[in-house]
Amino acid sequence: MAEEKSQASSSKMLTLKASDGVLFEVELNIAKEMKTVQAYIDDCEDIETIPIPNVLGKHLAIVIEYIKKTNEEYDAEFEKQWNMDDLQLLLLAANYLNISGLQECLCKAIAKRIENKSPEYVRKVFNIENDHSPEEEAKLRKEYKWAFEGVDKD
Amino acid sequence: MGDHRNTTSNAIGLCLLPQELIQNIFLSLVLPEIVRLKILNKSFSTLISDHSFIRQCNSLSNSTTWLFVYKKRWLRDAVLHAFTDRSSDRWFKIPIADLLKPVDFHGEDLYFLAASANVFLFASNNVREVVAVNLVSVTVKKIPPSPLGPRGTSSWRRSGMKLVTETDDNSSSGSGHFRFMFAEFVGNRPVLFVYDSVTDTWKSREAQESVLPRGGLHVFLSVVHGPRESVLVAVSTPDCDTNTPIVLRPRFDSVEGLNLTVGFNWGNLIDRLHVYGDGYMMIVKSNGENGRSVRVLQGVELWGLSLDGRKWEFVSSVPNEVIGVIEKPYGVMMGCLEEKNGIIRAALVSNCDGFWDMLWLSFDTKWKRWNWMPLPDSKMKGWNLAGISFSSGLTLQ
């Protein structure tokens, strides 16, 4: 079928292959939003399937959907659907794929979820252990005493 | 997930996200939140102390606007409440009492004058002194009396005053150096008084009748405001202690404006509250019923100094649809106003039967757009308001 020249590039399809083998067919202009993919295409013009080794199919699907639908309204509701683990994995994906808008959206979302939470809660979120000695911790709390008032109960 | 990605790890547990992403997340938080995260573990504490992170953090903080409200009920309950539009909708509570112990200031006696970056100024009514508190370096310092001698809080509340910290002039993290200035009549001449924290001395210069120079940055300080004419002192920054201050006497001819109702009797009492700051004036009009002590907001107008400083010029009115949302009965109202980078912000505080209500209004002079935000309930029923001020954000050192 004859296509308009101006539409030719946007209708060209690419295949992205997630780390678990799931394949996604996306339009070129969507794929180009991922700067990492763009670089891949620039290097090898005729490529049709691009491997995305660091991202699971589940997350790649979400990322592609985001790129298609992103606007102020969508972004505001976007993060509400995902739990904290998914948010972090999505952030890693967005970082690897180099999609700045999504990275920003996710950083803000994670920040919002740790705002005003106890240290114990935040440690669980980032999967870290407290390695401060009691003296070190007491010293920090004293030094920044003014900041420790009024934290929400989790 | 390999080690090649500079993961933030420790002996037990492995954080999923690399340092760079953790830092980006933290930069979406406001300073009191960020500082708390030092306690998480050593790696995070190091991450937050990293110079490049601090620089980015302070840069964001400098362009953030905070509103500080000092509320007290009695002796030990005095707390500084802080709000920023950058955070989720809540108040931060900063306990000031402990910081003030070394100087024997009592909470119940204090009035909050001004804040800028990490410096907070309080005036004591009993001892008629001013003290500067640096929240981040946890230091407290009494300021020597100005050439006018010790002043009570009622004098301070009357004067236009300004606190300028070094971070306002350049983006280095706070050295704590600040200048505090106010203008007052001495005899019948307006005089500018400037305190410099580096020399710990005051300088005073009589303001001259002159023309306001075009361009350049100025600090505008109120001296007195009458119904038809105001007196302000303007001085160029940054060298406000050596530049010659100028007297401005802008006239207020309200008939020039649009939809103004000066003198128009609606059958009810018309109440006008004028709030001044940085060369702007906000007129809050309310009407109340005869005999009743309750008023309702009717309109808010913004006026600014003309280029030559000779008159007040109408800038804009808050749109009717916004007034419709924010009008509610109140007993008493007061406010504060500031201009920063072309955006004018006002906080209007009203009290009705002991309940406090606060509203944050802003006007963008470039896009000619109003924005507004009711502030969350600060749960301060029955408390007294003892000072309110806008400020730029706290900075890390």
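The values are calculated or read from the model by the stated rules, or taken from the named source; none is laboratory data. Being a predicted model, the structure only gives us computed values, none of them experimental. Here Cβ is always computed from backbone atoms with ideal geometry, including for glycine, and neighbour counts include all displayed protein chains. To get the accessible areas, we keep the full protein, side chains included, count just its heavy atoms, and leave off ligands, DNA and RNA. Shrake-Rupley method; radii C 1.70, N 1.55, O 1.52, S 1.80 Å.
Quick notes on this structure:
- Residue satisfying all of: in the stretch B:291-310; part of a loop (DSSP other than H, G, I, E, B) and modelled with pLDDT under 85; least open to solvent (accessible area, probe 1.4 Å) among these: B:Val294
- Close pairs (6 angstrom Cβ cut-off, 6 or more residues apart or separate chains): more than 8 Å from chain A (Cβ to nearest Cβ) in the stretch B:20-37, modelled with pLDDT of 90 or more and part of a helix (DSSP H, G or I) anywhere: B:Gln23/B:Phe53; B:Ile34/B:Phe26
- Within the stretch A:83-105, the only residue that satisfies the criterion of being among the acidic types (Asp, Glu), at the interface with chain B (Cβ under 10 Å from one of its Cβ atoms) and within 14 Å of A:His59 (Cα to Cα) is A:Asp85.
- Which listed residue is closer than 19 Å to B:Phe26 by Cα, open to solvent by less than 80 Å² (accessible area, probe 1.4 Å) and touching a residue at least 40 places away in the same chain (Cβ under 8 Å), from A:Met84, A:Met34: A:Met84
- Pairs with Cβ under 6 Å, 6+ apart, first in the stretch B:311-338 and open to solvent by 20 Å² or more (accessible area, probe 1.4 Å), second acidic (Asp, Glu): B:Ser317/B:Glu301; B:Glu338/B:Asp278
- The stretch A:41-52, subset open to solvent by less than 80 Å² (accessible area, probe 1.4 Å) and not aliphatic (A, V, I, L, M), residue nearest to the chain's Cα centre (by Cα): A:Pro51
- So B:Phe53, is it at pLDDT 85 or above, among the aromatic types (Phe, Trp, Tyr), out of contact with any Gly (no Cβ under 9 Å at 6 or more places or on another chain) and part of a strand (DSSP E or B): no
- In the condition set (1) outside any loop (DSSP other than H, G, I, E, B); (2) crowded, with 17+ Cβ neighbours inside 10 Å; (3) of a type in the set (A, V, I, L, M), A:Ala76 is compliant with all but (2).
- Criterion applied to B:Ser45, B:Ser87 was being touching a residue at least 12 places away in the same chain (Cβ under 8 Å) and within 11 Å of chain A (Cβ to nearest Cβ), and the one residue passing it is B:Ser87.
- Within the stretch A:106-117, the only residue that satisfies the criterion of being open to solvent by 30 Å² or more (accessible area, probe 1.4 Å) and over 25 Å from A:His59 (Cα atoms) is A:Lys117.
- Residue ranges of strands (runs of 3 or more DSSP E) in the stretch B:136-224 with at least 1 members open to solvent by less than 30 Å² (accessible area, probe 1.4 Å) and of a type in the set (Asp, Glu): B:178-186, B:189-196
- Check on B:Lys93, open to solvent by 10 Å² or more (accessible area, probe 1.4 Å), without any contact (Cβ under 8 Å) to a residue 60 or more places away in the chain, within 14 Å of another protein chain (Cβ to nearest Cβ) and part of a strand (DSSP E or B): yes
- Residue in the stretch B:91-108 that is under 24 Å from the mean Cα position of the chain (by Cα), at pLDDT 90 or above and closer than 19 Å to A:Trp146 by Cβ present: no
- Filter result for B:Ser137 (modelled with pLDDT of 80 or more, over 14 Å from B:Lys71 (Cα atoms), within 21 Å of the chain's Cα centre (by Cα) and not aliphatic (A, V, I, L, M)): yes
- Checked against the criteria, B:Gly288 does not count as out of contact with any helix residue (DSSP H, G or I) (no Cβ under 6 Å at 6 or more places or on another chain) and buried (at least 19 other Cβ atoms within 10 Å of the Cβ).
- Within the stretch B:34-47, being crowded, with 20+ Cβ neighbours inside 10 Å and part of a helix (DSSP H, G or I) holds for B:Ile34, B:Val35, B:Arg36, B:Leu37, B:Lys38, B:Ile39, B:Phe44.
- Test: residue in the stretch B:60-69 that is within 11 Å of chain A (Cβ to nearest Cβ) and surrounded by 18 or more Cβ atoms within 10 Å (Cβ to Cβ): no
- Residue check, A:Ala111 within 7 Å of another protein chain (Cβ to nearest Cβ), among the small types (Gly, Ala, Ser) and either without any contact (Cβ under 8 Å) to a residue 60 or more places away in the chain or assigned to a helix (DSSP H, G or I) (or both): yes
- Scanning the stretch A:118-148 for residues being more than 7 Å from chain B (Cβ to nearest Cβ), open to solvent by less than 90 Å² (accessible area, probe 1.4 Å) and modelled with pLDDT of 90 or more gives a total of 5.
- Going through (1) open to solvent by 70 Å² or more (accessible area, probe 1.4 Å); (2) free of Cβ contacts under 8 Å to residues at least 12 places away in the same chain one by one, B:Lys366 falls short only on (2).
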